[in-house]
Every structure is written in structure tokens, then in C-alpha cells.
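Below is one structure, written out as C-alpha cells; the observations come after it.
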Amino acid sequence: MSAAWSGGCQCGAIRFRAGRLGRASLCHCRMCQKAFGSVGGLLVTAHDLTWTRGAPSHFASSDTVRRGFCRDCGTPLTFEDGASVDVAIAAFDRAQEIVPVIQLAAEARLRWLDDLALIPGPNPDEAARQESRYQRIVSRQHPDHDTDEERRAP
């Protein structure tokens, strides 16, 4: 994968850079589901990881793993097992370019994921209402690139 991968949390208090990336995965274990508040954890091994602004707080989710997160906005950031550090794929600025190559803990996978593509999107009227609402939202999210300062909610 490409060099110089940067990213950070939602509020911008934490920014990082990885020299190169390793294996990208989707872990379905129950701990990843809870840590991400989602279907699981999308993670990629980050080599030569440096924190360029701030640093994560940690929670020991087991006797061998700690998880890093932003104490200010709650963004899940890392899975650290002592041997390596995996970083949340969606925390990278160019997350779309990081494609998982393996699914882990498939036995814990939420079974309705098999039919995810079959769940309908909004009808045209509802889509128009949503688009109108989205256009009025003022985002306080840090942009997907490095900045001189973090963006904080007022």
C-alpha cells in the first residue's frame, strides 16, 4: 500500500501518520462490535506509527489487548496486542483505499449482514427530505487532512 498514511479522530484532537500498512481486516468478535458500536472492527496493521497531534487514551478490553480512543470525541482508534498496533480503517484520511482482505471471528458475525445489500434505501421523497436536511447541517468534524490546529465544537 502507499506510503505516508495519515488520519485522526473526529474532533481533530488526535492525528497520526503510518509509514506503511499491513493486513486489513474486519473482525466480527463481540469485543470489536462493542468497541466500535457497530458490526465489528475494521482494522489495519500500522507500521512506523507516530502520533502527530495528541495521543489516544486506552481501555484494556482483555488481559492481552488495549484499545486506543479519543477521550474528547470518543473515536475508536487502535487495537494493541503488544506485538503490533492496528488502527481503525475509517480513522484514516483515505479510508476508501484500505480494503479488508480477511474477516476474523466469523462465528460472532451478525447474521443479518448476509442480507445487507437487500435492505432498501429511502424512497425518492424521503431521499429528497434527507438531502435537504443534510445541506443545512454545519459539520464540526475535522477534515480528512492535516491542519495546523484541531477543530473543536464551540
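The values are calculated or read from the model by the stated rules, or taken from the named source; none is laboratory data. As the structure is a computational prediction, the values presented were derived from the model and not from experiment. As a convention, Cβ positions derive from the backbone with ideal geometry for all residues, glycine included, and neighbour counts pool all protein chains shown.
Under 9 Å between Cβ atoms, at least 6 apart or on separate chains: pull out the pairs that start in the stretch 62-78 with a residue that is among the aliphatic types (A, V, I, L, M) and end on any residue that is part of a loop (DSSP other than H, G, I, E, B).
Val65/Asp81; Val65/Gly82; Leu77/Cys9; Leu77/Ile14; Leu77/Pro56; Leu77/Cys70
Being within 16 Å of Ala35 (Cβ to Cβ) and in a loop (DSSP other than H, G, I, E, B) is the filter here; which residues of the stretch 61-86 pass it?
Within the stretch 61-86, Ser61, Ser62, Asp63, Thr64, Val65, Cys70, Arg71, Cys73, Gly74, Thr75, Asp81 qualify.
Which residues, counting only those in the stretch 55-71, are in contact with a strand residue (DSSP E or B) (Cβ under 7 Å, 6 or more places away or on another chain) and over 21 Å from Glu107 (Cα atoms)?
Within the stretch 55-71, Pro56, Ser57, His58, Phe59, Ala60, Arg66, Arg67, Gly68, Phe69, Cys70, Arg71 qualify.
Taking only the stretch 62-109 into account, find how many residues are of a type outside the set (D, E, K, R) and in contact with a Leu (Cβ under 9 Å, 6 or more places away or on another chain).
Within the stretch 62-109, residues that are of a type outside the set (D, E, K, R) and in contact with a Leu (Cβ under 9 Å, 6 or more places away or on another chain) number 18.
Return the only residue of Ala95, Ala83, Ala88, Ala108 being out of contact with any strand residue (DSSP E or B) (no Cβ under 8 Å at 6 or more places or on another chain), closer than 21 Å to Gly41 by Cα and in contact (Cβ under 8 Å) with a residue 12 or more places away in the chain.
Ala108 is the lone residue from the list that is out of contact with any strand residue (DSSP E or B) (no Cβ under 8 Å at 6 or more places or on another chain), closer than 21 Å to Gly41 by Cα and in contact (Cβ under 8 Å) with a residue 12 or more places away in the chain.
Does the stretch 87-110 include one or more residues that are over 20 Å from the mean Cα position of the chain (by Cα), over 16 Å from Lys34 (Cα atoms) and surrounded by fewer than 16 Cβ atoms within 10 Å (Cβ to Cβ)?
No, there is no match, as no residue in the stretch 87-110 is over 20 Å from the mean Cα position of the chain (by Cα), over 16 Å from Lys34 (Cα atoms) and surrounded by fewer than 16 Cβ atoms within 10 Å (Cβ to Cβ).
Pairs, please: C-beta under 8 Å, at least 6 apart or cross-chain, first residue farther than 16 Å from Ala24 by Cβ and outside any loop (DSSP other than H, G, I, E, B) and in the stretch 45-60, second among the hydroxyl-bearing types (Ser, Thr, Tyr) and at pLDDT 95 or above?
Thr52/Ser6
Pick from Thr45, Thr52: which is touching a strand residue (DSSP E or B) at 6+ places or on another chain (Cβ under 8 Å), closer than 21 Å to Pro143 by Cβ and among the hydroxyl-bearing types (Ser, Thr, Tyr)?
The conditions single out Thr52.
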